[in-house]
Amino acid sequence: MKALFSLCSALFLALYSPVSAASDDGLSEQIRQLKNQALDLNRDLTLLERELLYATPQTSIFVSVDVGTPIRLVDINLTIDGEHVGYHFYTDQEFEALTKGGIQRLYTGNLTSGRHQLEATITGYDPQGKDYQKTTSYSFTKGAGKKMLEMQVVDDLNNHQHKFEFREWNQQ
Amino acid sequence: MKRGQLKQWLLAACVAGTCATAQAAKVEFFDEIDTGPAELSLEQHRYLAFGEVMYDFYRHATFDAINLLLVNQQQSLFDDDTDYAELLLGDLYVTYGLPDSAETIFNRLLKKDILSHTRAQTWLHKAALHYREGNLTEAAMILDDKKVDGLEPEEEARRKLMLANILMAEGDFSGALDYLHGVPVETDEGRYATYNMGVALIRGGHEKDGLALLNSLLPLSASSGQALALRDRAALAAGLTQLRSGELAGAQSSLRQVRSDGPFSEDALLALGLTNYRAGAIKRALPLWLEAVNRNSSHPSVQEALMLAPRAYEELGGMPQALAGYKYAATQYREALKDIQRAIENIGQRGWADNLLPDDVNETGFLPANTDTLAQGGQLSYLYKLFSSNTFAQRFQNYRQIHQIKSMVEHWERSLPALMESYQIQQRGLGQHLPKVRQQIGIHQKQQEALMLASDKLGMNIPDYVDMSSPGDVANAGQAIMWKKVDSLSRQFGTLPGSNHANALRLRRVRGLLLWDIAHQSMEQREKQIQAATELEEESRILAERVAAVSLQIRDATLRTRDDLGQRLAQQQSRIDEIKRMSEDTLAALEQSMQADALALLRANQKKLADQLAEAHLAVARLQDTSVTSDTKQRTGS
């Protein structure tokens, strides 16, 4: 029987693994150096890429939702002047990021100056699980500078659905 | 790792500061009133940029979040004034395993004249960094100081939790308990701290207090898999403690609360069997061990149960069942040994560590692996044990991050030639078209200016009243043609054939009716004219914007033809090569150390299984000998 109860103690010991700092092996410094270099390289290449692709002022479209919204956004389909320019399906984690105040850049591109028509179709479901789809359109004029558009998906508390609010900025 | 409530504050700090202007601005539902575009202020730009960072942060894309912060720093969007961005970068550096960079940021922030709340936040981060690095004394000194006064309730709970853990590690259980009481037990952190504290108290000889803490976790509702597993673990720990102390009824009560399909169910079945066995109820112990025997034989508790079940049969006098049980145990041990051998061979193969990586780079979880493949290879249960080791988990985390870096570098390696080609195409295209476009824009600009002047003049010249002295001005197209004809006939009347009195009267009637008709719709026509003039002015304004946009593009394009972007792009190749080489070397070294850990674990299991197999064989031999002796005695009539 002693063997049986030593087994019981072993089981108990296995249950408790206290929090401790990871051991610092010889690789640590190499890893840190590599991470730093990778971050620097990625930053520089991102900037160079932007400089190359968006030499002229670009248009960016952002999406945000009401903080803590009970309504689940499933996906967004975006067209500009009838041409499909963006689609995003939201995972639970991504939607949670939006509900905590994150803002997603859904589109960045070079649009010609002048008038444009944006159309966004979103699908979602309310806290009761009821599906719905809603489409909205918005007209804007692209001038000489950068154009930033924020599409806020806000709760329509009366209908337990979403509605859209747009904010628009120009940057010279 | 669950993100602390710090993020809520960071968001609030940024959003409150940066959105104030935006929120104050009247935002109307688009299809009701169009407020039109506004000039992007620095604060609004920061609001959008930081929102993007927060999106990456909350979806656990640490690398992307750091990159965005660094890019925005480089573009001077985030600078000395944006403490919230600095603090977040420090926090992200901690998560990403760059404690030195994080500490530099925290120290820099603490030297600045910042808000007291931000200062307390920064100290909390610094303490968390020390805690994570194992510098518990330094962490405790900060956490127990006035420096961290004024934290939000969630942050205060985090402070107390760290202090409780530090005191627990130092063996000061009463001090730890004091701090622990300030941590809400409903949170994940609170549950884990309560569990750790309960077990630490038991290990420190304070069994009663420890059990009370573990039992306090059992009635809590749990929805996530993680919380349910912790509740099972607490029930199992409480049950085992009571079993060891001989409190069999209490042990049984606790062990029954472990879910039968949870990750600790095999351990609970084994322990529940032991409880009955110790109480002398071998008949009750047997079905529990038999149930355990039917579970996955690579689980250590199942492997133990494989020997205990036949032993129970033996004690109950069921020798044939006991013999069959031992033989079955031997078979299972042999199978488990084969599994281990396969796992050892698999671990030795190239790319083993890559198979552990999740498909989604941002996925978080205990064992982020392709579990189906690993389960087929018989490695899964051993790997669970391996991942519960902090050292291995840390190595694997580094492996994942370096792998991500390698993927990123490979992406840039593929993209760089395309970027350089795009640059060449741009240069060629600009060289070809720019002179012509430059020449034409001047002409278009003059045309646009002339058009704007004309539309302005037209708009100003339209009176806001109706004057019938010039009916053609307020007639519509049809009326204007008619009026022109009638007016011409009136003027030329007398010179035309048929210019008699009757026709003169007829012409006068027609003229009068037409004038009446024009006058009747003149107001509507004037409004249309005013509207058309306004639209023309608007079109003219947009044309002016377009001309300005094209002029700006010409300026940018001219600068592009003279810049050194191509050269700067080409320079990145050597950096990419260097980082790729370094990441490959690091991955190889990490894989080697992970393989060594895994092999050591598997070999230890192999040895244990070999001992169990030998024990099973001995038991079979012993029972067969007993049977033969018994038969011989029966035959000889002794």
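We did not get these values from a lab; they are worked out from the coordinates using the rules stated. Please read these numbers as outputs of a predicted model, since none were measured by experiment. Cβ: placed from backbone, ideal geometry, glycine included. Neighbour counts: every protein chain shown.
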Taking the Cα atoms of chain B, report the difference between the largest and smallest coordinate on each principal axis, in whole Å and largest first.
163, 63, 53
In degrees, nearest 10, range 0 to 90: what is the angle between the Cα axis of helix B:319-348 and the longest Cα principal axis of chain B?
50 degrees
Where nothing but the Cβ of Lys and Arg (+1) and of Asp and Glu (-1) is charged, how large is the charge dipole of the range A:70-171 around its Cα centre, in debye to the nearest 20?
380 debye
Angle, helix B:300-315 long axis vs. longest principal axis of chain B, Cα atoms, 0 to 90°, nearest 10?
30 degrees
Spin-label model distance (nm) - B:Ile462 vs B:Arg491, 7 Å beyond Cα toward Cβ
2.6 nm
Using only atoms on other chains, find how many Cβ atoms lie within 10 Å of each Cβ of peptide A:95-107 and report the average.
6
Which whole-angstrom value gives the distance between the alpha carbon centres of the range A:116-172 and the range B:204-218?
53 Å
Return one number: the angle in degrees, 0 to 90 and rounded to the nearest 10, between the long axis of the Cα atoms of helix B:116-133 and the longest principal axis of the Cα atoms of chain B.
40 degrees
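Rank these for me by crowding, A:Asp156, B:Asp145, B:Asp261, going from fewest to most other beta carbons within 10 Å.
The most exposed by this proxy come first: B:Asp261, B:Asp145, A:Asp156.
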10 Å Cβ neighbours from other chains, averaged over peptide A:46-57:
6
Straight-line reach from B:Lys160: which lysines have a Cα under 16 Å away, not including same-chain ones fewer than 8 places off?
B:Lys126, B:Lys146, B:Lys147
Cα Rg, Dmax (largest Cα-Cα span) when computed across the range B:207-296, Å:
12.8, 38
Ranking B:Ser488, B:Ala548, B:Leu514 by how far each Cα lies towards the positive end of the charge dipole of the range B:462-563 (+1 on Lys and Arg Cβ, -1 on Asp and Glu Cβ), the top one is B:Ser488
Longest to shortest principal axis, alpha-carbon extents of the protein assembly as shown, angstrom:
163, 59, 54
